[in-house]
Amino acid sequence: MARDKVDRIVNGLAEHFASAWRLLSDTTIYLSSLPSGKVFQRYENTLRKWRHSLENGRRNPEVVNEVRSQIIAFRKTLRKMGYDIRLGAYEIKFEGFRHDDAIAEGFRRMVLFIAKDSLYYLTGSENHIELDRILESRLKNARISESMRRHYLWYRWRQNTLVLSGADSEMKESFEKLQQLVNENTLFFIRQLKKLP
């Protein structure tokens, strides 16, 4: 509970100092990524109006501050409705395949199991096959026995962008399917993976 409160305070401060353009962009990305598109359609005109105001009043600090205040109030409303609006600041990017020398570039190993409605992952310095064995054992001990797709990946954060690359043990076709799945369900994957170290 205390951790959630700290997160809210930190996010509130970050939002306070963010530019109007950044807030509008993150909000637009988040709403446009929601399934079905109905929420985005409901607010599309408002988002367009703010963009127009910022473009026309970019040299007028009063206009920029007023629009910024409106966007912040809107984001607070969305949070109260249960939307995790901060996810709009995150991206997932795919960068081909990497080998063990990826460690020198700051990448880490991850094994990702994808079930119907959930993700399970394990990171570590062990090789991907060993990580797979450990994760499978943990899931078995937890009595989780869903059918899952497995992926052997390298990952790293570049600011708010999670970069994923296939490992030697990842099949090319499997990696392509993962990219498609992530593109179709970006917010779900970001929500599950944003706490990766």
Exercise. For the stretch 82-155, what are the per-bin percents of Cα-Cα distances with bins 5 Å wide, up to the bin holding the maximum?
Worked result: 3, 13, 21, 20, 17, 13, 10, 2, 0
For this session: Order the peptides 44-56, 65-77 from the highest to the lowest mean number of other Cβ atoms within 10 Å of their residues.
Result: 65-77, 44-56
For this session: Please give the helix 2-17 orientation as an angle from the longest Cα principal axis of the chain, in degrees from 0 to 90, rounded to the nearest 10.
Result: 50 degrees
Seminar exercise, completed: Taking R0 as 22 Å and r as the Cβ-Cβ distance between His99 and Arg191, the FRET efficiency 1/(1 + (r/R0)^6), rounded to the nearest 0.05, comes to 0.15
Exercise. What percent does the relative contact order of the stretch 48-197 come to when contacts are Cα pairs within less than 8 Å and at least six residues apart?
Worked result: 24 percent
Exercise. Top mean-square fluctuation among Val63, Val163, Val182, Gaussian network model of the chain, C-alpha springs under 10 Å?
Worked result: Val63
Exercise. What does the helix-only formula give at 222 nm for the chain: each DSSP H stretch with n ≥ 4 adding -39500 (n - 2.57), the total divided by the residues, and the result rounded to the nearest 500 deg cm²/dmol?
Worked result: -17000 deg cm²/dmol
Exercise. What's the angle, to the nearest 10 degrees (0 to 90), between helix 172-184's Cα axis and the longest principal axis of the chain?
Worked result: 30 degrees
Seminar exercise, completed: Working note, the chain: Cα radius of gyration (Å, one decimal) and Dmax (Å, whole number) are 19.7, 61
For this session: Would you mind computing, in nm to one decimal, how far apart the modelled labels at Lys80 and Glu184 are, each placed 7 Å from Cα along Cα→Cβ?
Result: 3.6 nm
Exercise. At a Förster radius of 41 Å, what calculated FRET efficiency corresponds to the Cβ-Cβ distance of Ser25 and Asn141, to the nearest 0.05?
Worked result: 0.40
Problem set entry | FRET efficiency, 1/(1 + (r/R0)^6) with R0 35 Å, evaluated for Thr46 and Ser118 via beta carbons | 0.55
Exercise. In Å², what does the accessible area per residue of the stretch 91-194 work out to with a 1.4 Å probe?
Worked result: 58 Å²
Exercise. Using modelled amide H (1.01 Å from N, peptide plane; none on Pro or chain starts), what sits under 5 Å from the amide H of Gly124, excluding residues fewer than 5 places away?
Worked result: Arg109
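The values are calculated or read from the model by the stated rules, or taken from the named source; none is laboratory data. As the structure is a prediction and not an experimental result, all values here were calculated from the model. Note: ideal-geometry Cβ built from the backbone for every residue, glycine included; neighbour counts use all protein chains shown. For accessibility, only protein heavy atoms count, side chains too; no ligands or nucleic acids. Shrake-Rupley method; radii C 1.70, N 1.55, O 1.52, S 1.80 Å.
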